[in-house]
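Chemist: The structure is given below, and queries will be raised subsequently.
The values are calculated or read from the model by the stated rules, or taken from the named source; none is laboratory data. Small disclaimer: the values here were computed from a predicted structure and weren't measured. Cβ placement follows ideal geometry from the backbone for every residue including glycine, while neighbour counts extend to all protein chains displayed. These accessible areas exclude ligands, DNA and RNA; they are computed on the full protein's heavy atoms, side chains included. Shrake-Rupley method; radii C 1.70, N 1.55, O 1.52, S 1.80 Å.
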Amino acid sequence: MLNDGRGSHTVNETFRKKDGTAIPVEYWSHPIQRDGELVGGVVTFLDISQRAMLERQLLQAQKLEGIGVLAGGIAHDFNNLLTAIIGGAEIALNDIAPGSKGAKAIHGVMDAATRAADLTRQILAFSRKQVLSIKELNLNDEVLSQTKMLRRLISEDIKFQVKLTPEELCIKADAGQLQQVLLNLAVNARDAMSPGGTLTIETGTVMLQRSDRWLEEGMPPGRYAVISVSDTGMGMDEDTKSRIFEPFFTTKGPGEGTGLGLSTVHGVVKQHQGSISVYSEPGKGTTFRIYLPRVERIEAAQAAPEAAPIPRGKGKILVVEDEKAVRDFLESALQDNGYSVTSVGSGPEAIEACAGTTFDLMVSDVVMPGMSGPQLYQAIRERQPKLRVMFISGYPAKSVSLQDILEWDAPFLAKPFSASTLLAKTHELMQSTAPAGHAP
Ligand SMILES: Nc1ncnc2c1ncn2[C@@H]1O[C@H](COP(=O)(O)OP(=O)(O)OP(=O)(O)O)[C@@H](O)[C@H]1O
Ligand SMILES: [Mg+2]
């Protein structure tokens, strides 16, 4: 190129360093001419490994996002069906002689449906669309409370050590999700270590500076709690490492792994505004590190309320749900417990029902065709300011309406839920005088 007097631009070519490692390079060449004669040239080389890495990360993020949207949609429909299945089975059980063949079969249905609900929860976790129950908690306490369960999970030939920092590590997290994260990482470590090795769970703290490479992933600088899970197992090569967070990626045989473990972990960590890193070498073992933002300190002890038997209810309830199976379940569960129930399938029908009757509580789906639950509630509340509300949803998407209720803290039940959960929440709401929360 330089010889014929023109310049050139090459976008991406792989060069080799002295030690043989490859670097992607972009370069420009410009000829220098005097009196039409070529007397030299300038070639500028730019190391673009950083840019190439960011491009790869973006592509990966987009791929995960796409799968998440798809899976989130399926999970929504699934949750509707499971609500009907679990609820229907529960009601049927009340009508059948305990210990009979029929009762046993129905217990089987409930067990299977509950397992399906767990699976749906996992899918929602990696698509980062589930509703979390966030509390302030001490990371060390959480780890400690899990160790017994984890010990039972891993085999005898694995040495298990837990090293907790003496510092109090306050974070805001969903304890159940945190447990899921530890569980998945520990099971992976166990699977990577046959025959035997050492599993180490460690907590610590780190200050991330503006210049730290973590900031690339949008982590604000500040104080973070770190939890690391290390094993001395078989480790991973680069190829495996680059795909581990993809849903359904597994190197395990059929029936041994679904490939959902780490994508769940990734989703949960991201939903907690955290970050996860992996260090691994074939034959040397693997360390996962999770960084979670720290909060100052835990304000007051949050004692768990004792579960009391649910008393029979009285009052008028309006049920609004477009899915017939779920509507039927809500109606019969509430009616069986003594409430008087009117149930309708859409917002406009609900408004019509309210014209003639004053209700104590409205139980409404969030996402319905035509008019959303929150929109409906706003419309009715002008005429019935004392109306209490409970929203239910199996819809995981960050839909505007779902975010609205979460923002103003309206009572909410995530599908699938059981009849007893529904009745407990209903009872609690009926006891309260003013409607909880404020309309958006
Ligand atoms: N600690 C580890 N050591 C070595 N390889 C690991 C480790 N953790 C994960 N991997 C690799 O990452 C893959 C994906 O892990 P992930 O937990 O997502 O799915 P899985 O364990 O295969 O199946 P599942 O967790 O759904 O039962 C594993 O199949 C394995 O190849
Ligand atoms: Mg796994």
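Chemist: Nearest-5 percent of antiparallel DSSP beta bridges in the chain?
Modeler: If I count the DSSP bridges inside the chain, around 65 percent turn out antiparallel.
Chemist: Before rounding to the nearest 500, sum -39500 (n - 2.57) across all DSSP H runs of length at least 4 in the chain and divide by the residue total; then give [θ] at 222 nm in deg cm²/dmol.
Modeler: The helix-only estimate for the chain comes to -13000 deg cm²/dmol at 222 nm.
Chemist: Further, regarding this structure: Amide H neighbours of Ile48 under 5 Å, at least 5 residues apart or on other chains, H built in the peptide plane: list them.
Modeler: Under 5 Å from the amide H of Ile48 lie the amide H atoms of Val25, Glu26, each far enough along the sequence or on another chain.
Chemist: Measure off 7 Å from each Cα along the Cα-to-Cβ vector at Ala22 and Asn94, then give the distance between these two points in nanometres to one decimal.
Modeler: Rounded to a tenth, the inter-label distance reads 6.5 nm.
Chemist: Compute the separation of the alpha-carbon centres of the range 372-394 and the range 338-352 and state it in Å as a whole number.
Modeler: So the separation of the two Cα centres works out to 12 Å.
Chemist: Across the range 74-82, in residue order, what do the Karplus-derived ³J(HN,Hα) couplings come to in whole Hz, using 6.51 cos²θ - 1.76 cosθ + 1.60 with θ = phi - 60° and x for Gly and Pro?
Modeler: Values per residue, Gly and Pro as x: 5, 4, 4, 5, 4, 5, 4, 5, 5 Hz.
Chemist: Here's something else I'd like to know. Between Gln179 and Ala325, what is the label-to-label distance in nm when each label sits 7 Å out along the Cα-to-Cβ direction?
Modeler: Roughly 2.8 nm, to one decimal.
Chemist: Another one. Taking 0.36 nm per intervening residue step and subtracting the Cα-Cα distance, what contour gain separates Val11 from Val162 on full extension?
Modeler: Gain on extension, Val11 to Val162, equals 49.4 nm.
Chemist: Now for a different question. On full extension of the chain, what length is gained from Lys241 through Leu46, given 0.36 nm per residue of separation minus the C-alpha to C-alpha distance?
Modeler: Between Lys241 and Leu46, full extension yields 67.5 nm more.
Chemist: Read phi for every residue in the range 20-30 and hand back ³J(HN,Hα) as whole Hz from Karplus 6.51 cos²θ - 1.76 cosθ + 1.60, θ = phi - 60°, with x for Gly and Pro.
Modeler: With coefficients 6.51, -1.76 and 1.60, one gets x, 6, 8, 10, x, 10, 10, 9, 10, 10, 10 Hz.
Chemist: Additional query: Find how much the distance from Ser29 to Gln60 grows on full extension, using 0.36 nm per residue of separation minus their present alpha carbon separation; answer in nm with one decimal.
Modeler: Between Ser29 and Gln60, full extension yields an extra 7.9 nm.
Chemist: So what's the range 143-196 giving for Rg/Rh, alpha carbon basis, Kirkwood Rh from the mean inverse pair distance?
Modeler: 1.00
Chemist: Beyond 43 Å, what share of the Cα-Cα pairs of the chain remains, rounded to the nearest whole percent?
Modeler: Beyond 43 Å sits 31 percent of the P(r) for the chain.
Chemist: Which whole-number percent gives the relative contact order of the range 2-47, counting Cα pairs below 8 Å spaced six or more residues apart?
Modeler: It rounds to 35 percent for the range 2-47.
Chemist: Suppose a student asked you for the relative contact order of the chain, using Cα pairs under 8 Å spaced at least 6 residues apart; what percent would you report?
Modeler: The normalised contact order for the chain reaches 13 percent.
Chemist: Right, here's the next one. Give me the accessible area of Arg190, 1.4 Å probe, in Å² rounded to the nearest 10.
Modeler: Counting only protein heavy atoms, Arg190 exposes about 80 Å² to solvent.
Chemist: Taking 7 Å along the Cα-to-C-beta vector as the label spot, tell me the Lys314-Ala112 distance in nanometres, rounded to one decimal.
Modeler: Each label point is offset 7 Å from its Cα along the Cβ direction, giving 4.2 nm.
Chemist: How high is the relative contact order of the range 144-261, in percent, counting Cα pairs under 8 Å that sit 6 or more residues apart?
Modeler: In percent, rounded to a whole number, it is 25.
Chemist: Using modelled amide H (1.01 Å from N, peptide plane; none on Pro or chain starts), what sits under 5 Å from the amide H of Glu281, excluding residues fewer than 5 places away?
Modeler: Met236
Chemist: In whole percent, how big is the carbon plus sulfur part of the accessible area of the chain, probe 1.4 Å, protein atoms only?
Modeler: 54 percent
Chemist: What is the spread of the Cα atoms of the range 135-293 along each of their three principal axes, largest first, in whole Å?
Modeler: Projected onto the principal axes, the Cα atoms of the range 135-293 cover 40, 33, 26 Å.
Chemist: Can you give me the long-range amide H partners of Gly41? Hydrogens built in the peptide plane at 1.01 Å from N, cutoff under 5 Å, separation of 5 or more residues or another chain.
Modeler: Ile32
Chemist: Do the alpha carbons of any pairs in Lys135/Lys270; Lys148/Lys172; Lys324/Lys415; Lys172/Lys415; Lys17/Lys284; Lys159/Lys284 sit beyond 19 Å of each other, and which pairs?
Modeler: Lys148/Lys172; Lys172/Lys415; Lys17/Lys284
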